[in-house]
Amino acid sequence: MLPAKRESEPTPLTSGSTTWFARVLPTAFTVLAGSVTIAAWLDLLGDAPAPLGVKWGILAVATVGSAFLHRWGSRLRHVWRVGDTLVVGDPRRGIRVSLDDVVEVRETRLQSVKWVTLHLAHETPLGDTLRFVPRGREGWLVPWVASPVAAALRERVEALKSGDTPRKALP
């Protein structure tokens, strides 16, 4: 009896730093900002009590900063490629999205954190856009250079739409 044909192994498209930006950084900022806020309200930050306006200002910055970082980080996903399918979340049980459903591949430029945004033709349980930090170090050193992951995804999506095969495979 022949063994069942196995699906190709998932290829990670996401950088290992995705977890850092999605979970660790927002949590660390919230803990640090909360500690500073508590210290300000308990008058532990200097010799004299801080004015009430300063205390409220620190609280506002901590609240807005934490909310922004948690919202921004919650949009970042782990993404793998298996053939012409993207697997989002978990490489074995994650949400599967066909590359045929990708309408547009965009990437950020001139930012310290580069990410790729995939706009989808239909809604998924995660929404109609997928955002991830692509693997590779090029974006950190020279932010205006295109991500090889984004370029290969863009080429494959265009090839699928036109019915051609791409010149090079996804990384």
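May I ask you to list the trypsin sites (Lys or Arg not before Pro) in the range 21-116 that are in a DSSP loop and have at most 11 other Cβ atoms within 10 Å of their Cβ?
When the trypsin sites (Lys or Arg not before Pro) of the range 21-116 are filtered for loop state and at most 11 Cβ neighbours within 10 Å, Arg92, Arg93 remain.
Does anyone have the angle between helix 52-74 and the longest principal axis of the chain? Alpha-carbon axes, 0 to 90°, nearest 10?
The angle comes out near 10 degrees.
Any idea what the dipole of the chain comes to, in debye rounded to 20, about its Cα centre with Lys/Arg Cβ at +1 and Asp/Glu Cβ at -1? Walk me through the numbers before you get to the answer.
Working: 22 positive and 16 negative charges, 73 e Å.
Around 360 debye, computed over the chain.
Dipole magnitude of the range 79-162 about its Cα centre, charges +1 at Lys/Arg Cβ and -1 at Asp/Glu Cβ only, in debye to the nearest 20?
The dipole magnitude comes to about 340 debye.
To the nearest 500 deg cm²/dmol, what mean residue ellipticity at 222 nm is calculated for the chain from DSSP H runs of n ≥ 4 alone, each contributing -39,500 (n - 2.57), summed and divided by the residues?
Using -39500 (n - 2.57) per qualifying helix, the result is -11500 deg cm²/dmol.
Putting +1 on Lys and Arg Cβ atoms and -1 on Asp and Glu Cβ atoms, find which of Val54, Thr85, Thr27 reaches farthest to the positive end of the dipole of the range 26-115.
Thr85
Under the Karplus relation 6.51 cos²θ - 1.76 cosθ + 1.60, θ = phi - 60°, what is the ordered set of whole-Hz ³J(HN,Hα) values for the range 37-46, x standing for Gly and Pro?
4, 4, 4, 5, 5, 8, 6, 9, 9, x
Using the Cα centre of the range 21-110 as the reference point, and only Cβ charges (+1 on K/R, -1 on D/E), how large is the resulting charge dipole? Debye, rounded to the nearest 20.
With only Lys, Arg, Asp and Glu charged at Cβ, the dipole is about 240 debye.
Near the amide H of Thr14, under 5 Å away, which other amide H atoms are found, from residues 5 or more places off or on another chain, if H is placed in the peptide plane?
Answer set, sorted by chain and number: Val79, Arg135.
Please report the relative contact order for the chain, taking Cα pairs under 8 Å with a sequence separation of at least 6, and give it as a percent rounded to a whole number.
21 percent
Label-point separation (nm) for Thr63 and Arg109, each offset 7 Å from Cα along Cα-to-Cβ?
Calculated label separation equals 3.9 nm.
Convert each backbone phi in the range 10-27 into a coupling constant with the Karplus relation 6.51 cos²θ - 1.76 cosθ + 1.60 (shift: θ = phi - 60°), then list the ³J(HN,Hα) values in order as whole Hz, x for Gly and Pro.
x, 9, x, 9, 9, 6, x, 7, 4, 4, 4, 6, 7, 10, 6, 4, x, 5
The numbers here are math on the coordinates, done by the rules we state, and not lab data. Bear in mind the structure is a predicted one, so any value in this text is a computation, not a measurement. Here Cβ is always computed from backbone atoms with ideal geometry, including for glycine, and neighbour counts include all displayed protein chains.
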